[in-house]
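Since the structure comes first, as structure tokens, the remarks are kept for the end.
The values are calculated or read from the model by the stated rules, or taken from the named source; none is laboratory data. Because the structure is predicted, anything quoted here is derived from the model rather than measured. Positions of Cβ are generated from backbone atoms using ideal geometry, with glycine treated the same way; all protein chains shown enter the neighbour counts. Surface accessibility is based on the protein's heavy atoms, side chains included, excluding ligands, DNA and RNA. Shrake-Rupley method; radii C 1.70, N 1.55, O 1.52, S 1.80 Å.
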Amino acid sequence: SRKEWTQSCATPAIEKLERVRDVRVHSGIAPEQGMQRGTETSVPDFGRLRSIFTGCQVCVADCRRREFTDQPREDMTFDAFVDVFESHRGSPDDPIECDEGTHDQRDLLYLKDWHFVRDRPEYGAYTVPDIFADDWLNGFWAARKDTEDDYRFCYMGGPGTFTPLHADVYRSYSWSANITGIKHWIFFPPDQQPLLRSVKTGQPPYLISEALADPAEYPNAAKAVRIDVWQFPGETIFVPSGWWHQVINESHTISINHNWANACNLVYLSESLVHDWIQARWDIRDLWQDKIITDVYEYETVVNDLVRANSGWDWVLLFRLLAWGVGLVRQLQNPSQQHDRLTSCEHPGLEDVRRDLFPSSTFILEQIRKVLDRFRLPSKLPVEHLQELPTDCLAKDLVQRWYEGDDKHVRLAELHFFVGQAIPHSTVVNSLYDCVCTLSDRTGF
């Protein structure tokens, strides 16, 4: 894609970066040092891009405006977006700032989350690097029959377009490869997130500059350890699970982005869903407390629907993903398929991936078991036996949260329903757990 989507330009765009002033660098690498890695001598080939993707519908964010924690978005044709993208060239006098930028504010449209591989499957734009090939997220989504979605994206934006501070969906990994242009990444490790929270809302800021400019609302933001990285054409950034980041385009930029996951961050994914579920219950707690909804079955259904709407998945999808992982182990252990690469159509997206790129079956099963261990429950759970659950069992924590309200007289039927709805039915979990144990016996785990 890189050579096909770009063309040479006479004036290196990197010269614009030399005008950066007052940059807060916490990683010990000044912009001038980073610039020595290479020079940007190409720009997008707008004519070629139009010829390949004409007629595609894309989602475009308006970086001039804010909508809650993101930017308002609209659908438009790819051709219409490129008209704006091409015209947004800026001028030599445009000032550049590190955080959100004070660039030309007229046309700050940013094409984001475009599923261009899905829209043009015959094009074959790129091959996933081997180091990122063990991808359960896109592999599982490709195997689903109920959606055509995926987590493979293209981003295109001019100088000053940006993505606000966030951590990636499901606390997945992500990788981002620059085709052309320069990106400025601002990273915060997961343990720094509490320092970024507002004393009013408890949430991180929309932009880093917003927090630094308001120490009354964000009293600890200036103490947070941050890492600034300038990404150049041909370079790929890996974002670990749970790392908060903000990204600013310093020139006309095109990048390929994947969210991905595998056994190594499976626990983070499950914890993300638990967090979203607890947040959803908190958000609509008034419906139960004010007796607007009095039926526990109806309430749990509303909570689950809210989680699915906000997060894009729910308990059912999490356990389908685990089952998909168990199937992957079965294939890796299948003595009749001891080829160098996977071949089964049961795992689309992973076909033709080298077997040595996967961790051992023992490790994969260990990570699946860690998730299942938190959800396993006895088939019967009388209230008086609640204290007998393991201290680290998620069920105990959630059940206690549910019944810490005013009503101390708990009906056993309600408790059983809560366990069945909030935590997927124990028979499903135990069945998966038995599969893991059976496969583990074969590996000696």
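Residues checked against (1) among the charged types (D, E, K, R); (2) touching a strand residue (DSSP E or B) at 6+ places or on another chain (Cβ under 7 Å); (3) at pLDDT 95 or above:
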| position | (1), (2), (3) |
| --- | --- |
| Leu212 | no, no, yes |
| Tyr218 | no, no, yes |
| Lys223 | yes, no, yes |
| Trp243 | no, yes, yes |
| His258 | no, yes, yes |
| Val267 | no, no, no |
Pick from Arg374, Arg354: which is basic (Lys, Arg) and modelled with pLDDT of 75 or more?
Arg354
Would you confirm whether any residue within the stretch 113-132 is open to solvent by 30 Å² or more (accessible area, probe 1.4 Å) and of a type in the set (Gly, Ala, Ser)?
yes
Flagged in the stretch 39-79 as touching a strand residue (DSSP E or B) at 6+ places or on another chain (Cβ under 9 Å) and without any contact (Cβ under 8 Å) to a residue 12 or more places away in the chain, in numbering order, are Gly47, Glu67, Pro72
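Quick one: how many residues across the stretch 274-293 are assigned to a loop (DSSP other than H, G, I, E, B) and either at pLDDT below 80 or surrounded by 13 or more Cβ atoms within 10 Å (Cβ to Cβ) (or both)? Full working, then the answer.
Residues of the stretch 274-293 assigned to a loop (DSSP other than H, G, I, E, B): 284, 290-293.
Subsequent filtering for residues that are either at pLDDT below 80 or surrounded by 13 or more Cβ atoms within 10 Å (Cβ to Cβ) (or both) retains 284, 293.
Counting residues in the stretch 274-293 that are assigned to a loop (DSSP other than H, G, I, E, B) and either at pLDDT below 80 or surrounded by 13 or more Cβ atoms within 10 Å (Cβ to Cβ) (or both) gives 2.
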Which numbered condition Phe153 misses (of (1) farther than 25 Å from Leu317 by Cβ; (2) part of a strand (DSSP E or B)):
(1)
By residue number, the members of the stretch 294-318 that are outside any helix (DSSP H, G or I) and over 24 Å from Glu148 (Cβ atoms) are Thr294, Asp295
